[in-house]
1. I'm told residue 70 meets every condition in (1) touching a residue at least 24 places away in the same chain (Cβ under 8 Å); (2) assigned by TED's automatic domain parsing to the domain that holds residue 15; (3) buried (at least 18 other Cβ atoms within 10 Å of the Cβ) except one. Can you identify the failing condition by its number?
2. The conditions are (1) of a type outside the set (Val, Ile, Thr); (2) touching a helix residue (DSSP H, G or I) at 6+ places or on another chain (Cβ under 9 Å); (3) exposed (fewer than 15 other Cβ atoms within 10 Å of the Cβ); (4) free of Cβ contacts under 8 Å to residues at least 60 places away in the same chain, and residue 100 fails exactly one of them. Which is it?
3. So which of 193, 169, 178 ends up being of a type outside the set (D, E, K, R), outside the structural domain of residue 15 (by TED's automatic domain parsing) and either out of contact with any strand residue (DSSP E or B) (no Cβ under 8 Å at 6 or more places or on another chain) or over 22 Å from residue 90 (Cβ atoms) (or both)?
4. Please enumerate the residues belonging to the stretch 187-239 that are within 18 Å of the chain's Cα centre (by Cα), of a type in the set (Gly, Ala, Ser) and outside any helix (DSSP H, G or I).
5. Looking at (1) within 27 Å of residue 79 (Cα to Cα); (2) modelled with pLDDT of 95 or more; (3) of a type in the set (D, E, K, R), find the lone condition where residue 202 falls short.
6. Starting from the stretch 124-142, keep only residues that are assigned by TED's automatic domain parsing to the domain that holds residue 104, then list their pairs with residues that are acidic (Asp, Glu) and part of a helix (DSSP H, G or I) whose Cβ atoms are within a distance under 9 Å, requiring at least 6 positions of separation or different chains.
7. Please pick out the residue among 221, 134, 204 that is surrounded by 20 or more Cβ atoms within 10 Å (Cβ to Cβ) and charged (D, E, K, R).
Amino acid sequence: MKKGEMLYEGKAKKVYSTDDSGALLLTYKDDATAFDGAKKGTIRDKGIINNRVSCLLFKLLEREGIETHFLKWVDERSVLVKRLEMLPVEVVVRNLVAGSLAKRCGREEGSELQRPVIELYYKDDSLHDPMINESHALAMGWATEEQLRIMKEKAFKINNILRSFFDSIGIILVDFKIEFGVFQGRVVLGDEISPDTCRLWDKESLEKLDKDRFRRDLGKEEEAYREVARRIEKALREE
């Protein structure tokens, strides 16, 4: 695999072409942002940790029948992935009330939900990723009815798998954001799953083990990210 030109640089990753037209190289950065980029900083070795965590969780999901873009772990910061045509609809799955949901609904953070909630957001930084519904996605041509159905179906299945796995390592999966793309006509899970894209709380202490430590100036971000990676690696090594 030969690394080509940089095609795109996002908040957390750089995307490169390769000599395989069906594959891309993702390289994770240590940059940290919050509040639509209004807050910026770095978390030491975040890119290394998130790459490792995401690769491990994608392999776990693949074993459970969820197709992902993951192809091969390349080095500590880079991963080879399928070249997806990304759908501009982010999917957020919520198991507990937290973050913006707590503010919108006037509920205390950590409150139980009677069932998982799925929210959709239009992926556009210039518009601050506004919350949308299925009618918006269909009317704007951002996704088809079938793609939306598959995305929701996969999101619930991914939630069941990850919620159970995290519970087994003493972590509450509060909520998470995922993205999908199309590969050879199939809707495939892309982007990443990491402490950047999930809210993860320790089951006993309720200590936050995710990017909320950066958002809320709690400190010890690197330690929290490393603890998540340590527990995931230990559990998967012992299988």
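1. (1)
2. Among (1) of a type outside the set (Val, Ile, Thr); (2) touching a helix residue (DSSP H, G or I) at 6+ places or on another chain (Cβ under 9 Å); (3) exposed (fewer than 15 other Cβ atoms within 10 Å of the Cβ); (4) free of Cβ contacts under 8 Å to residues at least 60 places away in the same chain, the lone unmet condition for residue 100 is (2).
3. None of the other options fit; the residue is 169.
4. Hits for the stretch 187-239 are 190, 194.
5. All conditions are met except number (1).
6. Pairs that qualify, where the first residue is assigned by TED's automatic domain parsing to the domain that holds residue 104 and the partner is acidic (Asp, Glu) and part of a helix (DSSP H, G or I), are 134/145; 138/145.
7. Selected residue: 221, the only one of 221, 134, 204 that is surrounded by 20 or more Cβ atoms within 10 Å (Cβ to Cβ) and charged (D, E, K, R).
Each row is one residue, and each column tells you yes or no for (1) at pLDDT 95 or above; (2) closer than 25 Å to residue 128 by Cβ; (3) buried (at least 16 other Cβ atoms within 10 Å of the Cβ).
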site	(1), (2), (3)
4	no, no, no
7	yes, yes, no
14	yes, yes, yes
18	yes, no, yes
35	no, yes, no
38	no, yes, no
48	yes, no, yes
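The values are calculated or read from the model by the stated rules, or taken from the named source; none is laboratory data. Being a predicted model, the structure only gives us computed values, none of them experimental. No Cβ is skipped: glycine too gets one built from the backbone with ideal geometry, and neighbour counts run over all protein chains shown.
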